[in-house]
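Engineer: Attaching a single structure in structure tokens format; questions to follow.
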Amino acid sequence: MKTIGIAGAIGAGKSSVARALVADAALARDVGGALHYFNADEALREARNQAGPLRDSIAKLIPAAQGPDASLNQAALASAAFSDPALLKQLELLQWPVARAAMHVAREEAVAGGASLLLVEAIALLSSGLAEELDGYLVLTLPTSERRERAIGRGMSGAAFEERDVAQHGLTEALLAAGGVEVSARGSVQEVAAAAGRALRLLCSTDEPHPDPAT
């Protein structure tokens, strides 16, 4: 089984494309079996919402994000983290080990379920260390104005988008420079998923972690 990442900046459509890929019967046939999906950001949200070491560590780091019942206010947490790069870095250092452990569990479950491919969605594949454990990864690219429009269309405020986009400055370029396979996110979900599916077929047909789609 191969483990392949799907990355890109906020608003690039990673989750929608990943779900379309998992549901693509023709793709599953071509790569030799079912596709499973792991979303690192969702796994972290779940971990932050549960009582335990991660939630306690975050509350100690950002006391203002903790509510009266000891739960974390996600909006307050995001606002504090994205407005302070140093604080965001500290938060990431707490979270990434949790994300990697959760990915290992997802991979074991995918293998046990007979999957041929595990798709791993994460914004920060490089800084999290997740990229080191992958057989390659796709990078969805889309101009900032279009990503902003998509994010606002799904309910995010313009200010929240700007905060996150600034925090992710240079992310796409770094992912591509490290060998990610670029997939344009322009078009409908179905069109982008079709292009991503072609890239996945290529990644699954070679032992090269970052093959050139042009070849």
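The values are calculated or read from the model by the stated rules, or taken from the named source; none is laboratory data. Everything numeric in this text was worked out from a predicted model, so none of it was measured. Note that each Cβ is placed from the backbone with ideal geometry, even for glycine, and that neighbours are counted across all protein chains shown. Only protein heavy atoms, including side chains, enter the accessible area calculation; ligands, DNA and RNA are left aside. Shrake-Rupley method; radii C 1.70, N 1.55, O 1.52, S 1.80 Å.
Engineer: Each residue of the stretch 168-176 in turn: what ³J(HN,Hα) in whole Hz from Karplus with 6.51, -1.76, 1.60 and θ = phi - 60°, glycine and Pro shown as x?
Structural biologist: Values, residue by residue: 9, 4, x, 4, 4, 4, 5, 4, 5 Hz.
Engineer: Counting only protein heavy atoms, what percent of the accessible surface of the stretch 1-117 is carbon or sulfur at a 1.4 Å probe? Walk me through the intermediate numbers first.
Structural biologist: Numbers: 3030 of 5550 Å².
Here carbon and sulfur together make up 55 percent of the probe-accessible area.
Engineer: What FRET efficiency, computed as 1/(1 + (r/R0)^6) with R0 = 35 Å and r the Cβ-Cβ distance, is obtained for Glu42 and Asp69, rounded to the nearest 0.05?
Structural biologist: Values: r = 22 Å, r/R0 = 0.64.
It comes to 0.95.
Engineer: Under 5 Å between amide H atoms, partner at least 5 residues away or on a different chain: which partners does Val139 have, H built in plane at 1.01 Å?
Structural biologist: For Val139, whose amide H was placed from the backbone, the distant partners under 5 Å are Ala7, Val181, Glu182, Val183.
Engineer: Sticking with the crude label model, points 7 Å out along Cα→Cβ, report the distance from Leu88 to Arg154 in nm, one decimal please.
Structural biologist: 1.8 nm
Engineer: Let me ask another. To the nearest 500 deg cm²/dmol, what mean residue ellipticity at 222 nm is calculated for the chain from DSSP H runs of n ≥ 4 alone, each contributing -39,500 (n - 2.57), summed and divided by the residues?
Structural biologist: Helix-only estimate at 222 nm: -16500 deg cm²/dmol.
Engineer: OK, next. Counting only heavy atoms of the protein chains, get the accessible area per residue of the chain (1.4 Å probe) and round it to a whole Å² value.
Structural biologist: Working: 10400 Å² over 215 residues.
Result: 48 Å² of accessible area for each residue.
Engineer: Okay, next question. What residues from the stretch 2-19 fall in the zone where the backbone N is under 20 Å from a label point 7 Å along the Cα-to-C-beta line of Val189?
Structural biologist: 5-19
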